[in-house]
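No value in this document is a laboratory result; all are computed from the given coordinates. Computed from a predicted structure; not experimentally measured.
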Amino acid sequence: MTCTEVRRRLPAPEAPHVAQVEAHLQTCAPCRSEAESLREVDRRLVRLGQARAHIAQTQRPLLDEALAAQLGPSPSRLRQIVSSPVLWALLLITLSLAALWLRLRHR
Ligand SMILES: [Zn+2]
């Protein structure tokens, strides 16, 4: 495998190529260095993502507060449940079944 072919598969070669890439990296210092650089970029991207997630988490209450200030308080849980279309569909089905049962019972 040539350097170009190896570098195209870095930093994480697909399963069928792992052995060939690893063999090349054993003997080629520039590709080994490239592989390590790419792994470092991956590690930094992961850490950046974690840091951003942490910041987002800590900022969440402030965002909720700002949203509530702009849009008014969020609807109560009860109001959310009452406005649920699923609840109304279940209620309608239950009433229909009850009506059907009553009708069949009084025949
Ligand atoms: Zn190489």
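Would you compute the Debye intensity of the chain from its alpha-carbon atoms alone, equal scatterers and no solvent, and pass along log10 I(q)/I(0) at q = 0.13, 0.18, 0.24 Å⁻¹ to two decimals?
Evaluating at q = 0.13, 0.18, 0.24 Å⁻¹ gives log10 I(q)/I(0) of -0.73, -0.96, -1.15.
Given 0.36 nm per residue, what is the gain on full extension from Arg32 to Leu100 after removing their alpha carbon distance, in nm?
That works out to 16.9 nm of additional length.
For Val82 and Ala69, calculate 0.36 nm times their separation in residues minus their Cα-Cα distance, and state this gained length in nm to one decimal.
Contour length minus the Cα-Cα distance gives 2.3 nm.
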